[in-house]
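Student: Okay, here's the structure, questions in a sec.
The values are calculated or read from the model by the stated rules, or taken from the named source; none is laboratory data. In this text the structure is predicted, and so the values were computed from the model without any measurement. Cβ coordinates were reconstructed from backbone atoms using ideal geometry, including for glycine residues, and neighbour counts include every protein chain displayed.
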Amino acid sequence: MLALVRTVLVLMWLPLGVAAQDADRMTALRDAYAGWLVRNEVTGTGAFAYQGAPTTVIGDGSAPVDLASVSKSITALCAAALSDAGRLDFSASVREVLGRGPDVSVASLVTHTSGIVADITQPLMVLWLNTEGHRADIVVNLMKEPVGPAGTYHYNNVNYAVLAMVIEASSGETYEEVCHRLVLEPAGARGEASERSGGFLSWGGWAMSPLDYARVHSHWFGPGNDTGRAPMNYPHVPLGTSGAYYGLGTVFRENHTGDGTYNFWHFGSLCFPGLFSVGAYAVTWGGEWTAVMGYDGCVDDDARRDLDAVMGRAAYGPFQ
C-alpha cells in the first residue's frame, strides 16, 4: 500500500452566479474525495465541474493521470461521432468492415454483447507496459471466435480493441488521430497515449489531466449533445434489473429526479503489483455536476463502491 501523505487542496474560481448552495455542494464533493483518499491510504487528484466549467481541484488537477478503463468512453464516443456523420454503421458486421475478425455487429462491441469471452489482453498488457504503439491490431489477429451467446453482456477489453480497428477502417485515420479530433477537440481538451499504458489505448491507455477529462465528460454526457441528452439512441444494454445500462463506454441511468436527465459513471483500474497500479473514476450527474478522479494504487470492489456512494451523497445528499 502506498504511504499515506497529506493531500493539498487547491481551490480555483467559481463561475459567476453560482449559488451558495452550489458552492457548498462543490465543497462536499471535494471533501468526500479527500476523505476517501485518506481512508484507503492512496494519493490522488481530482477535478470537479459545474455545468461544464471547472471550478475546484484537489491536488494537481492539471497533471496527466492514467484513465485506465475510463478510456473506453473516448473510443465509444469516437464511434458514435463517426456514426452520426454517416461513416460507421453500428449494425454492420465487423468482418464486413475489416475483411477479417468476428462476424458480430459493431454495436455488440460497444455494449460488450458480442459473445467474445476470452480476454486475451489480460496476459499481454503487462508485456506492453512502458512501450509505444497501440496494440489493437495484434489483439484482433490473436483473438478467438466468440464462444458465448450473442446479446449477453460480458465486459471484455477485446471488444474495444476490435472497435479501434473498426474506427480506423471507417475513418481512414489512425485511432488516436480521429478520436482526438472527434472527441477531445470539440470539448476543448488535451490528451494523449499514456507513456505507461498507451499500448492498450482504446480500452485502457489514454492519459490526460482530471481537468481535461472533466471537460470531455461534461461535454459529451451533458445536455448539449445527443450522447448525454438521449443515450438510449445509441447502442446500449440493460445491466440486470438495476435500471442501469452500459453504452457509450460507460454506465448510465436515468436521474432519480425524474427530469429526463441521466447520470453517467465508470471506474478504471490497472493493477500490475510492483510495476504499475492506478485507478480512475468519472461521473456526471444530471448534466450539471461532473467529478473526475485519479489515484495511485489498486483498491478493491468495496472501496470503489464506497467512492461511488460518498460522491453520490455529496452530490445529492442534503441538497435534494
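Student: Looking at segment 95-110, which of the residues that are touching a residue at least 12 places away in the same chain (Cβ under 8 Å) and over 23 Å from the mean Cα position of the chain (by Cα) is surrounded by the most Cβ atoms within 10 Å (Cβ to Cβ)?
Tutor: Going through segment 95-110, the residues touching a residue at least 12 places away in the same chain (Cβ under 8 Å) turn out to be 97-98, 100-102, 104-110.
Restricting the remaining residues to those that are over 23 Å from the mean Cα position of the chain (by Cα) gives 97-98, 100-102, 104.
Values: 97: 20, 98: 16, 100: 10, 101: 19, 102: 23, 104: 20.
The qualifying residue surrounded by the most Cβ atoms within 10 Å (Cβ to Cβ) is 102.
Student: Can you name every residue in segment 214-273 that is β-branched (Val, Ile, Thr) and over 27 Å from residue 181 (Cβ atoms)?
Tutor: 237, 241, 257, 261
Student: Right, next: Under the condition of being basic (Lys, Arg) and farther than 19 Å from residue 71 by Cα, which residue from segment 286-320 is surrounded by the fewest Cβ atoms within 10 Å (Cβ to Cβ)?
Tutor: Among residues in segment 286-320 that are basic (Lys, Arg) and farther than 19 Å from residue 71 by Cα, the one surrounded by the fewest Cβ atoms within 10 Å (Cβ to Cβ) is 305.
Student: Take the residues of segment 63-97 that are among the basic types (Lys, Arg) and part of a helix (DSSP H, G or I): which is modelled with the highest pLDDT? Outline the logic, then answer.
Tutor: First, pick out the residues of segment 63-97 that are among the basic types (Lys, Arg): 72, 87, 95.
Remaining after also requiring part of a helix (DSSP H, G or I): 72, 95.
Values: 72: 98, 95: 95.
This residue is 72.
Student: For segment 282-289, state whether one or more residues are hydroxyl-bearing (Ser, Thr, Tyr) and within 18 Å of residue 56 (Cβ to Cβ).
Tutor: yes
Student: Additional query: Residue by residue through segment 122-162, note down the ones that are in a helix (DSSP H, G or I) and more than 19 Å from residue 106 (Cβ to Cβ). Write out each step before concluding.
Tutor: Initial filter on segment 122-162 (in a helix (DSSP H, G or I)): 122-128, 136-142, 157-162.
122, 123, 124, 125, 126, 127, 128, 138, 142 - these are the residues of segment 122-162 that are in a helix (DSSP H, G or I) and more than 19 Å from residue 106 (Cβ to Cβ).
Student: Here is a follow-up. For residues that are farther than 17 Å from residue 112 by Cβ and buried (at least 21 other Cβ atoms within 10 Å of the Cβ), tally how many sit in segment 55-77.
Tutor: Qualifying residue count, segment 55-77: 9.
Student: Give me the pairs: first residue in segment 163-183 and part of a helix (DSSP H, G or I), second residue among the aromatic types (Phe, Trp, Tyr), beta-carbon distance under 7 Å, and six or more apart or on different chains, which are they?
Tutor: Matching pairs, first to second residue: 164/175; 167/175; 168/175.
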